[in-house]
Amino acid sequence: MTETTPNNLPLKKTHPRQNEKDLMDWAVVSLKRVVDDRHCEMERPWDWISRDPDLRCLNRSPVFRELLRKQKQNDYPRANPGPDHTGTELAAAPLRQQLRRSEYQAS
């Protein structure tokens, strides 16, 4: 009997490390599907994925690490990364600079 992956696809007859890599990639693809599912009710999937002890074995996978990085950016965007929610630039800093210039010109 040949070994199969969880979705009943036969494992390739290659080096054992390649089979391990294929399984890791398959697990990452499955995680992506769960996170990207519009019916997924997790508020911040990064919290669960990054701390789940059953997923620690995937930390060796660059694909998994990239998934974690992107998911963390999605779940925890930086405060004021550039344009505000209206799509216009935040005007506070340029306004302060204009006020400073006008103070120097008035003197």
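The values are calculated or read from the model by the stated rules, or taken from the named source; none is laboratory data. No experiment lies behind these values; they were computed from the predicted model shown. Using ideal geometry, Cβ is built from the backbone for each residue, glycine included, and neighbour counts are taken over all protein chains shown.
Looking at the stretch 18-50, which of its residues are hydroxyl-bearing (Ser, Thr, Tyr) and under 20 Å from Pro77 (Cβ atoms)? Spell out how you get there, then give the answer.
Taking the stretch 18-50 as the starting set, the residues that turn out to be hydroxyl-bearing (Ser, Thr, Tyr) are 30, 50.
Scanning the stretch 18-50 gives a single hit, Ser50.
Residues of the stretch 44-65 that are surrounded by 15 or more Cβ atoms within 10 Å (Cβ to Cβ) and polar (S, T, N, Q): Ser50, Ser61.
Only a single item in (1) part of a loop (DSSP other than H, G, I, E, B); (2) out of contact with any Gly (no Cβ under 8 Å at 6 or more places or on another chain); (3) at pLDDT below 85 is not met by Gln98, and it is number (1). On the stretch given as the stretch 47-58, residues that are within 15 Å of Val28 (Cβ to Cβ) and within 14 Å of the chain's Cα centre (by Cα) total 3.
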